[in-house]
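The values are calculated or read from the model by the stated rules, or taken from the named source; none is laboratory data. Not measured: the values here are computed from a predicted model. Virtual Cβ from ideal backbone geometry, glycine too; neighbours counted across all protein chains shown. Calculation scope for accessible area: heavy atoms of the full protein, side chains included, ligands and nucleic acids excluded. Shrake-Rupley method; radii C 1.70, N 1.55, O 1.52, S 1.80 Å.
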Amino acid sequence: MSTKEAGPQRPASVVFPPRPVVAPKRRPRPYSRVVASRYPRWFYLPAGILFVAVFVVPTVLSLYFSLTRWTLFETEFIGLDNFFQFFKEPALVSGARNTIVYAVMTSGLKVIIGLLLATFLTTRLRVRHVLRSLIFFPALVSTIAVGVTFAVLMHPSEGLINRSLELLGIEGPRWLSDPSMALFSVALVDVWKGVGIALVIFIAGIMSIPEDYFDAARLEGGQWVRFRHVILPLSRNATFTVILLSFIGGLRTFDLIWTMTHGGPGFASDVLTSVIYKQYGAGFYGLATAGNVLLFIAVIAIVYPMMRFFNRHEVEL
Amino acid sequence: MTTARTQLGALALVSILAVTACSGGLGGSTSAPSAAASAAESTAPSAEPSAAAAEPVTLIVNTPTNDTIVVRAKALTEAYTAKHPDVTFELTTRPDGQDGETILKTQLASGDIGDLFWYNAGSLLQALNPAQTMLPVTGSPWLSQIQESYLPTVTVGGEVYGAPNEPAMGGGILYNKKIYADLGLQVPKTWAEFVANNEKIKAAKITPVGATFAGDSSWTAQIMVLADYCNVEQAVPGFAEKYTNNQAHYADTPTAAAGFQHLQDGFDKGWWQKDAGATSFDDGLNGLAEGKWAHYPMLTFALGTIAERYPDKIDDIGFFGIPGDDAAKNCATIWMPSAYYIAKNSAHPDVANDFLGFISSVEGTEVLSKALAPSGPYVTKDSKLPDTVMSAVQDIQPYLDSGLSVPALEFLSPVKGALLPDITVSVGSGQVSAAEAAKQADQDVEKQAKQLGLPGW
């Protein structure tokens, strides 16, 4: 139909629906991947200075000191000698193995137990709040206090745990004095202490799943369906977070091992951090710094690929 | 929407934070200002003995929490205050064993250990870097009252640093005389006899040897190796010097490696009690006195503690040196007494120096004897042991009289590995073989030698 029609021109507003009133547009802001900040870059300066002074400078300095023989009063540059000496350390190989075993054990147990508990504590259980608090409480207590307490509780003959088992007629294992059990016992205490944080993260993850899925699960089946087909796949983010955090924590663990066994008996429960600490205690400051540099590299080397693997499905929106 | 009130509240909080951040840290080191002052004034300590300080002075003395050491520290400081009422003492403690060593080294490096501190003499002293962390006492008039054989153990780089605070001690096997009498056993003069005795004790359902491998008591496991040194020196004279020059090692010297083999034997033959890995040093002493085990490898300084806890049983404890293979040459290894040292930045170096003179004097040894029954002869000239000395101490005397006693390796060589406690616990709990442990001990020593910059490594 021709645009030019005979007859009087009707006002546009009669033909077309009225245009909504809009505020006059300002100069359009550039929308890049990162949302542009309204604040100048200089606001980063205080935090930046703190970060450089407290993190970057000591890290670079320790890289330097790890290449020296250091008595805290004088340094003697010896190149990579410290690193070679560290690898010759007899406790190192078993320490590295123990560290990985410990990290995998605690991480795995925290994820499994945390997820199961979270599933259970997000049902309409009446006592769920009390239980959540009870399970979270150990995370608030000082690690040293926990270590010392459990070392006493786990004494093979006089500790409360084995005495209680004796009443039931079971001979309790020699928790901390048996070289093959020592690391495992400390790992159990670590899980007891850390599962509360895993629980909180998982609960948050489960709560963020939309109700529709839960309704569907309720219609289709019981608890198992709810867990296997709704919670497990949809709390993937929370699971990865817990795995990463507890794995990093496990690789760097020190307090609990030291207070419960001192890395003993002998070298049985030595991990990288306690090996480094023993060298620091003996006054080999350069060697201990080299050990820390190695630990730093090892943690990054393990955790960064893990992170990339977990987040490979993420896309920029 | 922030109201004016909220903004005001936020401003108040921030300013409080800023003010607290500016004020000094908690428990700021009171030694900081005195460090500057005493650094300016501290030269060689003054020659006036027992100079009565005009104003009241408090000396801070740091020791491990070991019962024996604390009791002696209290006795000595109280006696000194009785003589010099304007000098009082504040006793601080650090943990026993490796943990305490770490703390001590750190505090020395940062300069806030106080005025005086307890530490071993001998090779371990070098690791504390005395030139940087302690005040020398060379030239003090009271040095002449100490036996000459002791002075090299507190001397580093030509300067003397410490004064002895306890009797010398024997290192070997403490044994329960009652069990020996009940089973009709004789004190073993060779290792084979010792093994045979243990078999009989085991048959009588008593633990032959107490082992204390708990985390903080791991240092006790080294005694089996270290107290065997008199046998090593007899078999390989001059071992200490060759060892310092990297010419002789544990692994290639059979008598030296024997100590580790003894630990392995103990584990293989089941001499230890069931929970050795969880038994602490204190439990070890108590068990010996109570007759739970027949033997306990230890230094005789511990006798003082047993005497305090079991005054009626102390004479049931005896001592013999770790036997070698030759009955005629049965010897004992002697440990020189530990010492007190003056911190470099002590606020009262003169008073501290005078205190050291007091503790190493004959009067000091009398105070010590009253506090704890002496566990060996003193290294102060003209000192006397009381008549009621413990029976175990009487057992040490024949070794000293016959000349069949040798100072421990750490007093003849500056090299001592730091991981020896862990290595010996490893062997004793059956995790590594004796041969492997000897190799590890040599590697451990290598680190210390390199750190000290010794030639030949």
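State which residue is farthest from the other protein chains (Cβ to nearest Cβ) when the search covers only segment A:266-290 and only residues that are among the hydrophobic types (A, V, I, L, M, F, W, C) and assigned to a loop (DSSP other than H, G, I, E, B). Restricting to residues being among the hydrophobic types (A, V, I, L, M, F, W, C) and assigned to a loop (DSSP other than H, G, I, E, B), the top hit is A:VAL271. In segment A:216-238, the residues that are more than 16 Å from A:LEU121 (Cα to Cα) form Cβ pairs under 9 Å with partners that are of a type in the set (Gly, Ala, Ser) and in a loop (DSSP other than H, G, I, E, B), at six or more places apart or across chains, as follows: A:HIS229/A:GLY221; A:LEU234/A:SER208; A:ASN237/A:SER208.
Just checking, does segment A:228-249 include any residue being closer than 30 Å to A:LEU72 by Cβ and either open to solvent by 30 Å² or more (accessible area, probe 1.4 Å) or in contact with a helix residue (DSSP H, G or I) (Cβ under 9 Å, 6 or more places away or on another chain) (or both)? Yes, that holds for at least one residue. Confirm whether A:ASN82 is open to solvent by less than 60 Å² (accessible area, probe 1.4 Å), over 14 Å from A:ALA290 (Cβ atoms) and not acidic (Asp, Glu). Answer is no for this residue. Scanning segment B:419-440 for residues that are among the small types (Gly, Ala, Ser), in contact (Cβ under 8 Å) with a residue 60 or more places away in the chain and within 7 Å of chain A (Cβ to nearest Cβ) returns a single hit, B:SER429.
When the residues of segment B:275-300 are filtered to those that are farther than 12 Å from B:THR207 by Cβ, of a type outside the set (Val, Ile, Thr) and in contact with a strand residue (DSSP E or B) (Cβ under 8 Å, 6 or more places away or on another chain), the one that is surrounded by the most Cβ atoms within 10 Å (Cβ to Cβ) is B:PRO297.
Does A:SER133 count as more than 14 Å from chain B (Cβ to nearest Cβ), of a type in the set (Gly, Ala, Ser) and touching a Ser or Thr at 6+ places or on another chain (Cβ under 6 Å)? No: the conditions fail for A:SER133. In summary, A:VAL186 fulfils each of the numbered conditions (1) under 28 Å from A:PHE296 (Cα atoms); (2) open to solvent by less than 10 Å² (accessible area, probe 1.4 Å); (3) away from chain B (no Cβ under 14 Å) with the single exception of condition (3). Among residues of segment B:239-267 that are farther than 20 Å from B:PRO414 by Cβ, those with a Cβ under 8 angstrom from a residue that is hydroxyl-bearing (Ser, Thr, Tyr) and open to solvent by 40 Å² or more (accessible area, probe 1.4 Å), sequence gap 6+ or separate chain, pair up as B:GLN264/B:SER433.
Are any of the residues in segment B:142-160 touching a residue at least 12 places away in the same chain (Cβ under 8 Å) and within 14 Å of the chain's Cα centre (by Cα)? Within segment B:142-160 (the criterion being touching a residue at least 12 places away in the same chain (Cβ under 8 Å) and within 14 Å of the chain's Cα centre (by Cα)), the answer is yes, since at least one residue qualifies. Of the residues making up segment B:256-265, those that are within 14 Å of chain A (Cβ to nearest Cβ) and within 15 Å of B:PHE194 (Cβ to Cβ) number 2.
Restricting to segment A:80-112, name every residue that is over 19 Å from the mean Cα position of the chain (by Cα), aromatic (Phe, Trp, Tyr) and away from chain B (no Cβ under 12 Å). Steps first, answer last, please.
Taking segment A:80-112 first, the residues over 19 Å from the mean Cα position of the chain (by Cα) are A:80-97.
Then keep just the ones that are aromatic (Phe, Trp, Tyr); that gives A:83-84, A:86-87.
If the condition is that a residue be over 19 Å from the mean Cα position of the chain (by Cα), aromatic (Phe, Trp, Tyr) and away from chain B (no Cβ under 12 Å), then A:PHE83 is the only one that fits.
Taking segment A:160-177 as the region of interest, how many residues are small (Gly, Ala, Ser), open to solvent by less than 50 Å² (accessible area, probe 1.4 Å) and more than 8 Å from chain B (Cβ to nearest Cβ)?
Residues flagged as small (Gly, Ala, Ser), open to solvent by less than 50 Å² (accessible area, probe 1.4 Å) and more than 8 Å from chain B (Cβ to nearest Cβ) within segment A:160-177 amount to 1.
Do the conditions hold for B:GLY364, that is, is it touching a residue at least 40 places away in the same chain (Cβ under 8 Å) and buried (at least 24 other Cβ atoms within 10 Å of the Cβ)? In short, yes. Against the list (1) away from chain A (no Cβ under 14 Å); (2) among the basic types (Lys, Arg); (3) assigned to a loop (DSSP other than H, G, I, E, B); (4) in contact with a Lys or Arg (Cβ under 9 Å, 6 or more places away or on another chain), the condition B:LYS274 fails is (1).
For segment B:213-224, a tally of residues being within 11 Å of another protein chain (Cβ to nearest Cβ) and in contact with a strand residue (DSSP E or B) (Cβ under 9 Å, 6 or more places away or on another chain) returns 1.
Consider A:LEU131 against the criteria (1) over 21 Å from the mean Cα position of the chain (by Cα); (2) of a type outside the set (Ser, Thr, Tyr); (3) within 30 Å of A:ARG236 (Cβ to Cβ); (4) surrounded by 21 or more Cβ atoms within 10 Å (Cβ to Cβ): it satisfies all of them except one. Which criterion is unmet? Going through (1) over 21 Å from the mean Cα position of the chain (by Cα); (2) of a type outside the set (Ser, Thr, Tyr); (3) within 30 Å of A:ARG236 (Cβ to Cβ); (4) surrounded by 21 or more Cβ atoms within 10 Å (Cβ to Cβ) one by one, A:LEU131 breaks only (4). Inclusion of A:PHE73 among residues that are in contact (Cβ under 8 Å) with a residue 24 or more places away in the chain, of a type outside the set (S, T, N, Q) and within 14 Å of chain B (Cβ to nearest Cβ) is not warranted. Yes or no: B:ILE69 within 27 Å of the chain's Cα centre (by Cα), part of a helix (DSSP H, G or I) and either hydrophobic (A, V, I, L, M, F, W, C) or at pLDDT below 80 (or both)? Taking the combined requirement at face value, the residue satisfies it.
Note on segment B:89-108: residues that are assigned to a helix (DSSP H, G or I) and either open to solvent by less than 40 Å² (accessible area, probe 1.4 Å) or among the polar types (S, T, N, Q) (or both) total 10.
Those residues that are surrounded by fewer than 16 Cβ atoms within 10 Å (Cβ to Cβ), in contact with a Pro (Cβ under 8 Å, 6 or more places away or on another chain) and not acidic (Asp, Glu), I need them from segment B:71-88; list them, please. Listed by number, the list holds a single entry, B:THR88.
In segment B:441-453, the residues that are under 18 Å from B:ALA221 (Cβ atoms) and without any contact (Cβ under 8 Å) to a residue 40 or more places away in the chain form Cβ pairs under 9 Å with partners that are among the small types (Gly, Ala, Ser) and open to solvent by 20 Å² or more (accessible area, probe 1.4 Å), at six or more places apart or across chains, as follows: B:ASP444/B:ALA418. Whether any residue in segment B:287-301 is more than 30 Å from A:LEU183 (Cα to Cα), part of a loop (DSSP other than H, G, I, E, B) and more than 14 Å from chain A (Cβ to nearest Cβ) is what I want to check. Yes, the conditions are met somewhere in segment B:287-301. What is the one condition in (1) within 14 Å of chain B (Cβ to nearest Cβ); (2) small (Gly, Ala, Ser); (3) surrounded by 19 or more Cβ atoms within 10 Å (Cβ to Cβ) that A:SER157 does not satisfy? Single failed check for A:SER157: (3). The single condition among (1) within 24 Å of B:GLY210 (Cβ to Cβ); (2) modelled with pLDDT under 85 that B:ALA434 does not meet is (2). Yes or no: segment A:293-315 includes at least one residue that is in a helix (DSSP H, G or I) and either in contact with a strand residue (DSSP E or B) (Cβ under 8 Å, 6 or more places away or on another chain) or crowded, with 24+ Cβ neighbours inside 10 Å (or both). No, that holds for no residue. Against the condition within 14 Å of chain A (Cβ to nearest Cβ) and open to solvent by less than 10 Å² (accessible area, probe 1.4 Å), how does B:THR207 come out, does it pass? When the stated conditions are applied, B:THR207 does not pass them. Among the helices (runs of 4 or more DSSP H) confined to segment B:344-457, the ones with at least 2 residues that are over 25 Å from B:THR77 (Cβ atoms) are located at B:391-402, B:420-428, B:434-452.
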